[in-house]
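Coordinate-derived values only; no laboratory data. Worth saying up front: this structure is predicted, and the values here are computed from it rather than measured. Positions of Cβ are backbone-derived with ideal geometry, glycine not excepted, and every protein chain shown enters the neighbour counts.
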Amino acid sequence: MKRILYFFTIASLTLVSCTDESTFSNPVTHQLERGAFVRFNNMDAILDMYPDPQDINISEGIYDANGNVSSYSLTVTANIGGNLYTGEDFITITSFPATLNITSQMLADAIGADVSDFFYGDTFNFVAKATRNDGVVFYGQNPTYSSSTGTVGVGNTQAQLTDISAYKNAMTFGFVLFTDCPPVPGVYEIVMRDSYGDGWQGQGVAVTLDGVTQYAMLCDWWGDWADYQDGCLPVTYPQSGGNTGVYDLVVPSGTQSWSWNWTGDWYPSECSFEVYAPNGTQIFSAASPAVGMLPVINCL
């Protein structure tokens with residue numbers, strides 16, 4: 001049933017996108033020749049991590065790649081101390097080339113928070129809206145879909161703006177406030193859950209210790225991800241109440257740095273996990289996680 005729903009959803013999105021595609025050229029060469037999107041001058045303009053919560057200071061050049069953008073605006077979603085905030089259209093730019101400036105104070109003002117509340121582990125994610133000079137709007141996010149109503153919500157139906165860095169560069173990005181400290185050594189437990197019970201359709205949690213990456217995964221019961229899930233924890237399907245697996249992450253003494261990332265899943269709403277430090281304290285949890293860096297911190 002789960003697989004049928006997946007293909008039905010994709011088919012629905014494809015049918016809806018056909019109308020949208022008639023408004024611009026999008027040939028098999030995967031180029032949005034007449035689409036509206038904005039790029040950073042510097043491909044690596046936005047860092048994954050910023051080390052000073054109260055002194056974020058981003059100043060990067062951006063340009064209108066196709067010369068047809070009448071307006072570019074950014075919406076920010078922030079997780080500050082576990083609380084979610086949103087600042088709609090907190091930056092709007094109407095002429096190009098331009099300089100995109102983002103500071104801690106600007107972010108605080110946009111979401112209605114105090115800059116002194118920003119701390120390590122807080123995350124900021126940005127989604128752009130580019131309006132073409134004929135009024136057609138392109139979003140740097142995938143469209144939402146309601147299976148109950150059969151409707152597609154706000155978003156962009158062209159995968160290039162979310163899947164290909166050459167297009168999505170300044171259309172969707174984010175960072176985490178992070179201090180790169182040596183982690184406490186010992187055995188960490190990553191408790192992984194799949195509510196449907198058929199495992200994870202993805203590579204799960206990627207943890208990099210001093211440049212070496214390992215993955216915590218629940219095996220995909222269907223076998224579609226077998227080539228990518230070496231070392232995954234097997235699941236029994238069907239399983240009433242879903243499946244759970246525990247991955248033991250060994251952090252050796254002398255480890256200087258680590259980074260945590262969620263690699264994505266076909267069904268993110270079914271995925272959740274918690275991370276427990278060697279002393280048994282829960283230091284992180286996530287449900288329906290978004291792809292990207294995870295603010296897992298446990299400094300020595």
Interatomic Cα distance distribution for the chain, bins of 20 angstrom, percent: 29, 57, 14
Lys, Arg +1 and Asp, Glu -1 on Cβ, resulting dipole of segment 116-268 about Cα centre, debye, nearest 20: 520
Extension gain (nm, one decimal) between Asp134 and Cys181, 0.36 nm per residue minus Cα-Cα: 12.0 nm
Cα shape, segment 186-294, gyration tensor, a/c 1.5 rule: prolate
Listed residues Ala108, Asn156, Phe175: farthest to the positive end of the dipole of the chain (Cβ charges): Asn156
Full-stretch length increase - Thr263, Asp109 - with 0.36 nm per residue and alpha-carbon distance subtracted: 52.3 nm
Separation between Cα centres of segment 252-300 and segment 127-201, rounded to whole Å: 17
Point-charge dipole on Cβ atoms (K/R +1, D/E -1) for segment 186-294, about Cα centre, debye to 20: 280
Segment 44-156: translational diffusion in µm²/s, Stokes-Einstein, Kirkwood Rh over Cα pairs, 37 °C, 0.692 mPa s: 210
Point-charge dipole on Cβ atoms (K/R +1, D/E -1) for the chain, about Cα centre, debye to 20: 580
